[in-house]
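The values are calculated or read from the model by the stated rules, or taken from the named source; none is laboratory data. The structure presented is a predicted model; accordingly, all values stated were derived computationally and were not measured. Cβ: placed from backbone, ideal geometry, glycine included. Neighbour counts: every protein chain shown. SASA here: full protein model, heavy atoms, side chains in, ligands and nucleic acids out. Shrake-Rupley method; radii C 1.70, N 1.55, O 1.52, S 1.80 Å.
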Amino acid sequence: MDKKLISIVVPMFNEEKNIPSLLNSLQRTLDYSDIDWELVCINDGSQDNTLAELKKIKAHDKRVKILNLSRNFGKEAALTAGLDHAKGDAVIPFDADLQDPPEVILELIKKWNDGFDVVNAVRESRTGDGVFKRFSAFMFYRTFNALSNFSIPNDVSDFRLISKEALKALHKLPERRRFMKGLFAWIGFRTASVSYKRNERVAGKTSFNLLKLFGLALEGITSFSTSLLRISTIAGVLTSLFAFIYGSKIVLSTLLYGEPVKGFPTLIASILFIGGFLMIAVGILGEYISRIYEEVKQRPLYILDQSKIDES
């Protein structure tokens, strides 16, 4: 019987220092297992020597496949490109920094062989992440699950195994603004989990800063929930109700008890409060409209530039 093929899909942005360690670790882990595997590397517009390093390892290991994007399209688009071109019976999204141990891949495959279509890798710890990042990740998963009409597993990144059948379902989701953790969970299928402890990065620094993490969280919530619109509506109703009650109190106090109307401070506070609330509400509405705008244009998620690969 032919061995099953596993596709390891790795988006890369400025990961030249991690590439040799990545390939060595995968070879040590997978070469002696009862599987065939390919490594699908997506160069997402790197500005260092990532592409050159990928060419070096491809020259020595034909299981390495290189997808070179024409510019930096972002991790979600790069991951989608890798999934689109993976040929395996199952695919495993993976990070080049080796914070996720390659040994866990064997546990994912074991669960897959037991009949599961999706096997999530659940982080027991986040070694190498700062206190703020751990706290923000904790809050994001809980907030997303509270606002969305379906749940994503807590403390699960893109690292997981997806069967070919589940991947076919994923390919049917055409949206341009993609939050892959949500899409992986949305398709359903029979799901299992394995737990592991996350390591520190082998080399380099993460390209995600506070602003990008906030943007990713907002992308996830607005992609899978309209709760923010409903919350702003409810807050508007409550604000109007409060204003009516407070205004009635002022009028009655003036008419019945002759109390003077407190003017300037009350007026300024009210204007600032209502103005701030309106700007937040308009901003939330703008986030959803921007997603409609992106979907209507129907631009491709990514563009490949394989000329630098083919000529080597």
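Evaluate the range 96-103: report whether one residue or more is in contact (Cβ under 8 Å) with a residue 60 or more places away in the chain and part of a helix (DSSP H, G or I). I'd like the intermediate steps shown before the answer.
To start, the set of residues in the range 96-103 that are in contact (Cβ under 8 Å) with a residue 60 or more places away in the chain comprises 96-103.
Next, only the ones that are part of a helix (DSSP H, G or I) stay: 103.
Within the range 96-103 (the criterion being in contact (Cβ under 8 Å) with a residue 60 or more places away in the chain and part of a helix (DSSP H, G or I)), the answer is yes, since at least one residue qualifies.
Of (1) touching a helix residue (DSSP H, G or I) at 6+ places or on another chain (Cβ under 7 Å); (2) surrounded by fewer than 20 Cβ atoms within 10 Å (Cβ to Cβ); (3) aliphatic (A, V, I, L, M), L5 satisfies all except one. Which?
L5 satisfies all of (1) touching a helix residue (DSSP H, G or I) at 6+ places or on another chain (Cβ under 7 Å); (2) surrounded by fewer than 20 Cβ atoms within 10 Å (Cβ to Cβ); (3) aliphatic (A, V, I, L, M) except (1).
Scan the range 272-305 for residues that are within 26 Å of P11 (Cα to Cα) and open to solvent by less than 50 Å² (accessible area, probe 1.4 Å) and jot them down.
If the condition is that a residue be within 26 Å of P11 (Cα to Cα) and open to solvent by less than 50 Å² (accessible area, probe 1.4 Å), then S290, R291, L301, Y302, D305 are the ones that fit.
Somewhere in the range 69-92, is a residue of a type in the set (A, V, I, L, M, F, W, C), touching a residue at least 12 places away in the same chain (Cβ under 8 Å), open to solvent by 10 Å² or more (accessible area, probe 1.4 Å) and touching a Gly at 6+ places or on another chain (Cβ under 8 Å)?
Yes, the conditions are met somewhere in the range 69-92.
Only one residue in A137, A185 is at pLDDT 80 or above, open to solvent by less than 40 Å² (accessible area, probe 1.4 Å) and of a type in the set (G, A, S), so which one is that?
Working: A137 fails: at pLDDT 80 or above.
On inspection, the qualifying residue turns out to be A185.
Starting from residues that are aromatic (F, W, Y) and modelled with pLDDT of 70 or more, keep the ones in the range 254-290 and report whichever is farthest from I221 (Cα to Cα). I'd like the intermediate steps shown before the answer.
We begin by selecting, within the range 254-290, every residue aromatic (F, W, Y); these are 257, 264, 273, 277, 288.
This time we only want the ones that are modelled with pLDDT of 70 or more, so: 273, 277, 288.
On the way: F273: 25, F277: 20, Y288: 11 Å.
Top of the filtered list is F273.
Is the range 62-77 home to any residue that is in a helix (DSSP H, G or I) and out of contact with any strand residue (DSSP E or B) (no Cβ under 9 Å at 6 or more places or on another chain)? Reasoning before the result, please.
Initial filter on the range 62-77 (in a helix (DSSP H, G or I)): 75-77.
Subsequent filtering for residues that are out of contact with any strand residue (DSSP E or B) (no Cβ under 9 Å at 6 or more places or on another chain) retains none.
No, the range 62-77 contains no residue that is in a helix (DSSP H, G or I) and out of contact with any strand residue (DSSP E or B) (no Cβ under 9 Å at 6 or more places or on another chain).
Scan the range 101-134 for residues that are open to solvent by less than 80 Å² (accessible area, probe 1.4 Å), of a type outside the set (A, V, I, L, M, F, W, C), modelled with pLDDT of 70 or more and more than 15 Å from the chain's Cα centre (by Cα) and report the count. Please lay out each step first, then the result.
Residues of the range 101-134 open to solvent by less than 80 Å² (accessible area, probe 1.4 Å): 101-102, 104-106, 108-109, 111-112, 115-123, 125-130, 133.
From what's left, of a type outside the set (A, V, I, L, M, F, W, C): 101-102, 111, 115, 117, 120, 123, 125-130, 133.
Add one more test, that the residue is modelled with pLDDT of 70 or more, and what stays is 101-102, 111, 115, 117, 120, 123.
Those still in the list that are more than 15 Å from the chain's Cα centre (by Cα) too: 101-102, 111, 115, 117, 123.
Qualifying residue count for the region: 6.
Please enumerate the residues belonging to the range 22-57 that are assigned to a helix (DSSP H, G or I) and either out of contact with any strand residue (DSSP E or B) (no Cβ under 8 Å at 6 or more places or on another chain) or open to solvent by 70 Å² or more (accessible area, probe 1.4 Å) (or both).
Taking the range 22-57 as the starting set, the residues that turn out to be assigned to a helix (DSSP H, G or I) are 22-30, 50-57.
The answer is N24, S25, Q27, R28, T29, A52, E53, K56.
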